[in-house]
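Below is one structure, written out as structure tokens, with a few remarks after it.
The values are calculated or read from the model by the stated rules, or taken from the named source; none is laboratory data. Keep in mind the model is a prediction, meaning the values are calculated, not measured. Note that each Cβ is placed from the backbone with ideal geometry, even for glycine, and that neighbours are counted across all protein chains shown. For accessibility, only protein heavy atoms count, side chains too; no ligands or nucleic acids. Shrake-Rupley method; radii C 1.70, N 1.55, O 1.52, S 1.80 Å.
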Amino acid sequence: MLLALSLCADCFAVTTCSSVTLREISWKKVAPIAFAFGFVQTAFIVAGWLFGDIFVGLVEHISKWIGFLLLLYVGGSMLLKAIVNKEEKPLELCGLKNVILGAMATSVDALAVGISLSMSQPEARYLISCFGSVFVITIMSVIAGMYSGQALGKRLGRIAEIIGGIVLIGIGISILI
């Protein structure tokens, strides 16, 4: 559970920041996004576990840059749209491209965790509970992030969009540091 909570912190932050642009929110909108984040996060940890030995050298060298570039793109796009567009056309997290980019950017660390799991060779029941916890808790954190982000966006408007874009870029920079 603690591993899942630590992995989903980025998902919560990204979906909170990205959801400030949503004026209306419903389960129809939230459920697929939450499922996508949960699926990608779990798939990355499983892939890291399955291919741990192969990925060790590669992930150590480029994972930080991948996460940084993806968050820079999503945050930069959000910031640019908030500053340039005077009319109320928000960048929504609902676009498939942004959902996938956000999910991948927040899941690079799950790949590294999966690799470390493969090296420690845990029991099968631990792995199953770990993967299940990551999936469920990630979904819950995305739901919480989207609803809280939307509430902030309603209160703060365009300022929340600008702050959200800056926060996403900041998270990307913190990955490099």
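Of all residues being exposed (fewer than 15 other Cβ atoms within 10 Å of the Cβ) and among the small types (Gly, Ala, Ser) in segment 10-42, which is farthest from the chain's Cα centre (by Cα)? Just the residue, please.
Checked segment 10-42; the qualifying residue farthest from the chain's Cα centre (by Cα) is SER26.
Using beta carbons and a limit of 6 Å, which pairs, at least six apart or on different chains, have the first residue in segment 142-153 and modelled with pLDDT of 90 or more and the second one open to solvent by 40 Å² or more (accessible area, probe 1.4 Å) and part of a helix (DSSP H, G or I)?
From residues that are modelled with pLDDT of 90 or more, the pairs are GLY145/PHE12.
Within segment 58-74, does at least one residue satisfy the condition of being closer than 19 Å to LEU5 by Cα, among the small types (Gly, Ala, Ser) and modelled with pLDDT of 75 or more?
For segment 58-74, residues closer than 19 Å to LEU5 by Cα, among the small types (Gly, Ala, Ser) and modelled with pLDDT of 75 or more: absent.
If you scan segment 157-177, which residues turn out to be part of a helix (DSSP H, G or I), open to solvent by 40 Å² or more (accessible area, probe 1.4 Å) and closer than 26 Å to ILE66 by Cβ?
ILE162, ILE163, ILE166, VAL167, ILE173, SER174, ILE175, LEU176
Out of the residues in segment 136-156 that are among the hydrophobic types (A, V, I, L, M, F, W, C) and open to solvent by 60 Å² or more (accessible area, probe 1.4 Å), state the one that is nearest to the chain's Cα centre (by Cα).
Checking each candidate, the answer is MET140.
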